[in-house]
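The values are calculated or read from the model by the stated rules, or taken from the named source; none is laboratory data. Fair warning: this is a prediction, and the values are worked out from it, not measured in the lab. Cβ sites come from the backbone with ideal geometry, for glycine too, and all protein chains shown count toward neighbours. SASA here: full protein model, heavy atoms, side chains in, ligands and nucleic acids out. Shrake-Rupley method; radii C 1.70, N 1.55, O 1.52, S 1.80 Å.
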Amino acid sequence: MSSALDDLLDFTRPAFRRDPVPTYNCLRERAPIATVERGALQFTVLTRHADIVTVLRDPRMSVDRSFQPKPTGDDGVDPATLHPLARALRALSRVMLFRDPPDHTRLRGLVNKAFTPRMVESLRPRIQALVDELLAKPLADGGCDIVRDLAEPLPILVIAELLGLPATDRGDLKRWSDNLAAMLDGSIAMQHLASAIPSAVALIEYLRVHLEAKRKAPSDDLLSAMLAAQEQDEHLTDDEILGTAVVVMGAGHETTTNLIGNGVLALLRNPGELEQLREQPGLIGTGVDEILRFDSPVQATSRVPVETVELFGARFEKGREIGLLLGAANHDPAVFADPGRLDLGRRDNRHVSFGFGIHFCIGAGLARLEGEIALGTLVRRASKLALAASDDTLEWRPGWLLRGLTSLPVTV
Ligand code: HEM
């Protein structure tokens, strides 16, 4: 690989962190199937929309890095006899994001039964009330940090509501799931394991207590709905329910924070579109999908072939990781007209920000609803919405897989 290409593939560069799109465009044009070698590590990076979709729909492409059979269902071990760490690891091994069929199909079915469009829609008034509550002080003060005051607190409050957990526990829930998010995106660095493991244990023990309480007194929430699904299917275990609750927390909060933060920034940088949205509030429906495409909260995912595969004229070796740059696919001119332009009314928006295929985001409906309500309400009520810092001082969170700002000071 040329050193110019090697530089392009260094996603820690400050220029890439500020704006990854020029790098994506360059890669897509010059090396759409780029092979990377970093010491003993070899992987392939894809940037074309069509190639990424082809890989995501191919059943030979696995999300399971170990290829080891793992137990699901009931393994006959009573959780009460296990050390809390072993209990936590058992529940985490039941996370659907890292399982292939047939386990994945079972685990996903569990959530599908419970996480219905009706349940998501029933959260609308509650999400609106939470957004109104969170915006009350900023509107009275005339300014705020959108990330700290709206984008960060909202998703964790909504997930607590969805699972039927007390909102007063949100401080703990946020801390535990922040630490866990690194574990769930599969790229945990050793130094973060030290805080992620106790968080995993604390979160799972906390959820286990609430699960027992819901078993005795069910209510209208996702944990109770999963317990009801368990009554229909004796093979579903408590660990699978807990693993699912954990993945919902881990996958659903920072991603949605970034949708709101990146969305407000995209609107501020495109005042014409912001004005359009003020004049036509109904644009928020297509607008949220355009924001997801334009500055994707999840920039990449990956797959590993379970056998050597030939696809679109290239050879993918068994076991060698394939990086799929979703953010690059979302700016592919073969699919999107004028991809660098934010067009809130864009039709036929085939972005892959929620993935594609069997692992397509289960929370997409909920994330869209939160985005619509948060951004729609802000634009409607904040008549003086403007950036209160210089654009070039904005900072992005560490890591590049999940893309979001650390803070976004605005006047409202
Ligand atoms: C803007 C916000 C969100 C974005 C951009 C996003 C993105 C994604 C993506 C790209 C995937 C597929 C990963 C892959 O195929 O490797 C995924 C899967 C998933 N997401 Fe989301 N997500 C968001 C919000 C949520 C929310 C709110 C929830 C739940 C409350 C959620 C729960 C899940 C779950 C459970 C999966 C795994 C599905 C499976 O493996 O079958 N996500 N998400």
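What the table below lists for this structure:
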read-out: Yes/no for VAL131 being farther than 26 Å from LEU242 by Cα and part of a helix (DSSP H, G or I); value: yes
read-out: Near pairs, Cβ below 6 angstrom, 6+ apart or cross-chain, from segment 40-61 (assigned to a loop (DSSP other than H, G, I, E, B)) to any residue that is within 14 Å of the ligand (Cβ to nearest atom) and open to solvent by 20 Å² or more (accessible area, probe 1.4 Å); value: ARG57/GLY357
read-out: Qualifying positions in segment 26-64 - at pLDDT below 95, of a type in the set (Asp, Glu) and farther than 17 Å from ASP6 by Cβ; value: ASP64
read-out: Residue check, VAL246 within 16 Å of the ligand (Cβ to nearest atom), farther than 22 Å from THR12 by Cα, within 14 Å of the chain's Cα centre (by Cα) and crowded, with 23+ Cβ neighbours inside 10 Å; value: yes
read-out: Any hit, segment 352-365, residues being open to solvent by less than 40 Å² (accessible area, probe 1.4 Å), away from the ligand (no atom under 14 Å from the Cβ) and not in a helix (DSSP H, G or I); value: no
read-out: Within segment 20-39, considering residues that are basic (Lys, Arg) and in contact (Cβ under 8 Å) with a residue 24 or more places away in the chain, the one nearest to THR54 (Cα to Cα); value: ARG28
read-out: Selected residue [closer than 22 Å to LYS384 by Cβ and open to solvent by less than 30 Å² (accessible area, probe 1.4 Å)] from LEU165, LEU150; value: LEU150
read-out: Top-ranked residue of segment 102-118 - restricted to ones that are more than 10 Å from the ligand (Cβ to nearest atom) and open to solvent by 30 Å² or more (accessible area, probe 1.4 Å), ranked as nearest to ARG368 (Cα to Cα); value: PRO117
read-out: Test: residue in segment 377-389 that is in contact (Cβ under 8 Å) with a residue 60 or more places away in the chain, assigned to a helix (DSSP H, G or I) and among the charged types (D, E, K, R); value: yes
read-out: Residues satisfying the stated conditions in segment 255-313, i.e. of a type in the set (Gly, Ala, Ser), free of Cβ contacts under 8 Å to residues at least 40 places away in the same chain, farther than 16 Å from GLY340 by Cα and assigned to a helix (DSSP H, G or I); value: GLY282
read-out: Any hit, segment 10-33, residues being assigned to a strand (DSSP E or B) and not aromatic (Phe, Trp, Tyr); value: yes
read-out: Yes/no for GLY376 being open to solvent by 40 Å² or more (accessible area, probe 1.4 Å), away from the ligand (no atom under 14 Å from the Cβ), out of contact with any strand residue (DSSP E or B) (no Cβ under 6 Å at 6 or more places or on another chain) and not charged (D, E, K, R); value: no
read-out: Given (1) in a loop (DSSP other than H, G, I, E, B); (2) within 16 Å of the ligand (Cβ to nearest atom); (3) within 25 Å of LEU8 (Cα to Cα), number of the condition ARG320 does not satisfy; value: (2)
